[in-house]
Amino acid sequence: MRHVRPLLPILLLTLQSCSQGPAPPAKGTPPFYWQAAQESFAAGDPVRTISHLDQLTKSDNEFSARAKPWRMVALWGVLKGHLDIAEKFDYGAKQNKSNPMPFRKQVNDSRSAAGNLAMQLAEAWKGYQSSIGSEILLDFSLPPGSAGPVAALNRASSGILLAAGEIETAKQQAMQRAVLLAAAQSVGAGDDVPKARNLLQAPPAKVTPEVFLGAMSRALYDSAKVFDSNGVDRPDVMQMLCTESSAALDKTLDSKEKKEMQTKLQDCLKKGKAMKKRT
């Protein structure tokens, strides 16, 4: 026993170090931001996720190649969420003629945010195209949220004025829904969330360039809509984004969805020309 007692402190220290596990990544390092992005995405906070991914795409590191497509998907989703919010509150302003200003504020705020996100997405896409190889790795799990319409936003679209807390909850749900659908479309699942969940259950998901180009074409088209005459009213930016969207779409496989997108993009370009003539 007299030989065992001196060994007890060493044994206890060994057990304690084993129970603690590996040390977390140092703050400010690429592993730290990658882990933070994963945690934020899983928690349904795409805005914070984008902030963490921003740090990873500023320089070349072991995570930057995977962070870039993920960031574009997240940007697209948040942008789509703002477009949905703006659309619903715009309808609400038209319905509530006696008090449209609170609705208009939400419309203006969301359109302004969407415009900023659209330019970030366009810049990210411009820098990413040349690095597309034989496959794209989408290294994230399907985020939380429901693909169904946000009930509170539907009430707002009918002219019902929501309480401040209810507006914030509805906006959060709209963001989560839009990011969920953007993630599903990025892996070629369309709006089929169960299919997307299966494809992303063990990330990274390997996606063909044609699938991802199709998703980015839709993302750029959604970005273009921000700048039409009902929104920010910038026909030059609208046409540029539609042109980029069309170029991405040209590299995808022929399908019914491709033909439908080609028609939308032709209409988008015509509308941009008409807006220029008007000014």
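The values are calculated or read from the model by the stated rules, or taken from the named source; none is laboratory data. Being a predicted model, the structure only gives us computed values, none of them experimental. Please note: Cβ atoms are built from the backbone with ideal geometry, for glycine as well, and neighbour counts cover all protein chains shown.
Taken over region 130-154, the residue count meeting the criterion of being closer than 23 Å to residue 203 by Cβ and without any contact (Cβ under 8 Å) to a residue 40 or more places away in the chain is 1.
The number of residues in region 66-98 that are among the acidic types (Asp, Glu) and within 19 Å of the chain's Cα centre (by Cα) comes to 2.
Among the residues of region 19-56, those that are in a loop (DSSP other than H, G, I, E, B) and crowded, with 16+ Cβ neighbours inside 10 Å comprise 44, 45.
On inspection, residue 134 does not qualify as out of contact with any His (no Cβ under 7 Å at 6 or more places or on another chain), part of a loop (DSSP other than H, G, I, E, B) and within 21 Å of residue 36 (Cα to Cα).
Scanning region 156-200 for residues that are aliphatic (A, V, I, L, M) and over 24 Å from residue 212 (Cβ atoms) gives 156, 160, 161, 162, 163, 164, 167, 170, 174.
Taking the stated definitions as given, is residue 98 out of contact with any helix residue (DSSP H, G or I) (no Cβ under 7 Å at 6 or more places or on another chain), assigned to a loop (DSSP other than H, G, I, E, B), surrounded by fewer than 19 Cβ atoms within 10 Å (Cβ to Cβ) and at pLDDT below 95? No.
With the structure loaded, tell me whether residue 88 is of a type in the set (Lys, Arg), surrounded by fewer than 19 Cβ atoms within 10 Å (Cβ to Cβ) and over 28 Å from residue 243 (Cβ atoms) or whether it fails that test. So residue 88 does not fit the description; no. Applying the criterion of being among the polar types (S, T, N, Q) and over 26 Å from residue 59 (Cβ atoms) to the residues of region 104-135, the residue that is nearest to the chain's Cα centre (by Cα) is 110.
Only a single item in (1) buried (at least 22 other Cβ atoms within 10 Å of the Cβ); (2) assigned to a helix (DSSP H, G or I); (3) touching an Asp or Glu at 6+ places or on another chain (Cβ under 8 Å) is not met by residue 152, and it is number (1).
Which of the residues that make up region 101-119 are of a type in the set (S, T, N, Q) and buried (at least 18 other Cβ atoms within 10 Å of the Cβ)?
Taking region 101-119 and keeping what is of a type in the set (S, T, N, Q), we get 106, 108, 110, 112, 116.
If the condition is that a residue be of a type in the set (S, T, N, Q) and buried (at least 18 other Cβ atoms within 10 Å of the Cβ), then 106, 110 are the ones that fit.
Which residue is surrounded by the fewest Cβ atoms within 10 Å (Cβ to Cβ), if the candidates are limited to region 183-215 and must be in a helix (DSSP H, G or I) and touching a Pro at 6+ places or on another chain (Cβ under 9 Å)? Top of the filtered list is 212. Within region 216-235, the set of residues being part of a helix (DSSP H, G or I), without any contact (Cβ under 8 Å) to a residue 60 or more places away in the chain and hydroxyl-bearing (Ser, Thr, Tyr) comprises 217, 221.
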